[in-house]
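Structure record follows, encoded as structure tokens.
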């Protein structure tokens with residue numbers, strides 16, 4: 001395997017956020033996003049408060065803003081969709097710069113954009129401060145079926161291997177003068193996909209045999225069990241609890 | 001089509017999460033049955049494949065390109081249970097690590113892209129491969145149609161969820177039209193690529209295509225050994241090795257071949273038909289006397305006839321005593337009769353078969369009975385799926 005010990009999404013550090021046990025962080029992020037989704041869209045200031053909370057976490061975790069914002073670019077295709085909403089939604093319309101926009105459409109677009117962005121920002125922070133291995137251990141600790149965690153672990157472990165295989169195929173195609181222009185070239189790409197499947201599956205069979213020869217019985221040994229003290233849980237709960245206060249205020253005011 | 005956070009309200013997100021969790025639990029059980037301890041590495045690698053195949057850009061022309069969603073492809077290649085697991089894991093990792101698709105929308109995404117796509121594509125694929133003539137081109141057509149339908153089906157399911165808990169105020173008809181329209185076009189590309197990819201795998205390793213297991217031909221072993229175990233492992237070898245093989249080995253191979261073509265469908269269909277006739281149709285049978293009874297009554301034989309010894313048995317005259325409803329009484333009596341006949345017949349058959357087996361020398365029968373043959377061939381399939389992929 002050509003990659004290092006950590007994934008490029010992870011940002012090494014030793015901040016208080018990095019040191020929190022993974023399962024506490026997963027619960028915190030999940031609760032936070034749930035609270036955000038449950039907030040009424042008219043409470044605009046509440047979303048500002050959520051953003052400030054996330055910025056505070058990012059500062060505590062010493063995640064550079066550039067890194068954080070660049071990772072959030074994944075949201076772009078979906079922003080394009082949100083921009084369309086004011087044009088297609090119904091209801092009373094408002095004139096703005098000569099465009100006729102639906103008022104409820106504008107609210108919907110704001111709602112989707114604000115909540116989606118906050119969700120992406122929160123998960124980027126989680127991935128940046130937690131190693132993948134710990135993330136998987138945390139998921140298992142939270143009661144995800146061990147078999148599912150094993151599948152996810154194998155997938156992550158071999159993802160770069162399989163993607164590299166794909167890259168080698170692409171280079172081989174290109175060096176033989178192949179360029180994909182339109183549907184006429186699909187057959188070649190589909191054959192690559194087929195070959196990739198056969199190679200992945202056969203690698204899976206070999207991995208299984210190699211594991212059997214090392215004593216695999218269907219379960220992976222747990223080497224380090226994650227534990228969390230009350231203080232750590234309290235630290236992790238600070239984010240969703242603060243968000244919950246904002247959410248309740250948003251409903252009441 | 002990864003749904004982000006904030007698109008659906010909290011109750012729908014949670015409900016879809018519960019649906020997804022249930023589907024994953026069912027799939028875990030089903031996939032474990034199919035792959036047992038090979039599940040984790042194989043499903044993991046297949047999930048990595050699905051992840052990677054979503055990165056292949058298929059140019060549509062004019063500078064734009066699309067990519068596979070892979071639900072139908074995974075279902076056809078590795079079976080529905082493993083496919084749901086792989087897609088769920090891919091979506092989970094995409095949401096947690098790559099922030100692609102919202103965390104609260106994870107349940108929605110798994111339900112739409114994993115469960116609905118697979119549940120639509122796979123049964124459709126099986127139905128088509130069963131009805132179309134056997135052959136590779138049929139598998140290709142079936143894969144095409146399955147993928148073509150599965151993508152708009154997911155879009156329809158999305159619209160259904162949107163009707164319950166969508167946050168945007170867009171008229172439902174417009175959502176449906178837009179989603180289905182766009183996804184019908186996407187589905188066309190998905191269908192073409194899925195069919196071609198399945199065809200490519202089928203050409204190289206047909207044994208790896210889960211949806212085309214029926215197309216496997218029996219393995220032909222070219223060997224000089226002619227003991228019953230080898231012969232039983234492949235019925236096809238019987239013809240090739242007939243000259244060299246001793247008579248009893250050929251016989252054993254024949255028995256194995258007969259055992260492999262399972263009689264169960266015939267048996268079940270027969271049972272269903274006789275139960276139907278006895279239980280339901282018998283009521284409509286003539287209540288008149290049958291030929292023999294007619295003649296005897298006409299010629300006064302009946303008067304001398306003695307009542308049958310079992311005339312007051314619970315099932316006498318094809319009616320159940322103490323049950324007044326004619327349909328129920330006649331039907332139940334018929335069903336019980338069929339059951340009794342079946343039991344006696346099967347018992348006699350088993351006795352006869354055991355006597356036959358005892359007569360054949362025991363040395364040649366060890367691996368040659370239908371059960372023995374099944375165990376043999378399955379053993380070789382599990383042992384090395386590359387050299388003996390077709391034996392099961």
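Read the figures in this text as sums done on the coordinates, not as results from a lab. Keep in mind that this is a model prediction, so the values were computed, not measured. Neighbour counts are summed over all protein chains in view; Cβ atoms, including those assigned to glycine, are modelled from backbone coordinates with ideal geometry.
Quick notes
- Whole-Å distance, taken between Cα centres, linking region B:119-161 and region A:126-166: 31 Å
- Residue exposure sequence - A:175, A:108, B:274 - by fewest surrounding Cβ within 10 Å: A:175, B:274, A:108
- Chain A: relative contact order as a whole-number percent, Cα under 8 Å and 6+ apart: 37 percent
- Pair-distance distribution P(r) for region A:145-212, from all Cα-Cα distances in 10 Å bins starting at 0: 18, 41, 25, 13, 3 percent.
- Peptides B:49-58, A:242-251, B:75-84, A:148-157 ranked from most to least packed, by the mean per-residue count of other Cβ atoms within 10 Å: B:75-84, A:148-157, B:49-58, A:242-251.
- Across chain A, Cα-Cα distances exceeding 27 Å account for 55% of all pairs.
- Region B:10-215, relative contact order in percent, only Cα pairs under 8 angstrom and at least six apart counted: 25 percent
- Pairs of Cα atoms nearer than 8 Å and 6+ residues apart set the relative contact order; for region B:55-118 it is 30 percent.
- Residue-averaged beta-carbon neighbours from other chains (10 angstrom radius) around B:192-200: 6
- Per-residue mean of C-beta atoms belonging to partner chains within 10 Å, peptide A:24-32: 1
- Sequence of B:130, A:115 once ranked by neighbouring C-beta atoms within 10 Å, starting from the fewest: B:130, A:115
- Mean per-residue shielding of peptide A:179-185 is 4, counting Cβ atoms of other chains within 10 Å of each Cβ.
- Site pair residue A:19 and residue A:174 shows an inter-label distance of 4.5 nm when each label is modelled 7 Å from Cα along Cα→Cβ.
- Förster-model FRET efficiency, 22 Å R0, residue A:83 and residue B:67, C-beta, rounded to 0.05: 0.45
- Under conditions of 20 °C and 1.002 mPa s, region B:1-88 yields 146 µm² s⁻¹ as its translational diffusion coefficient, taking Rh as the Kirkwood radius over Cα pairs in the Stokes-Einstein equation.
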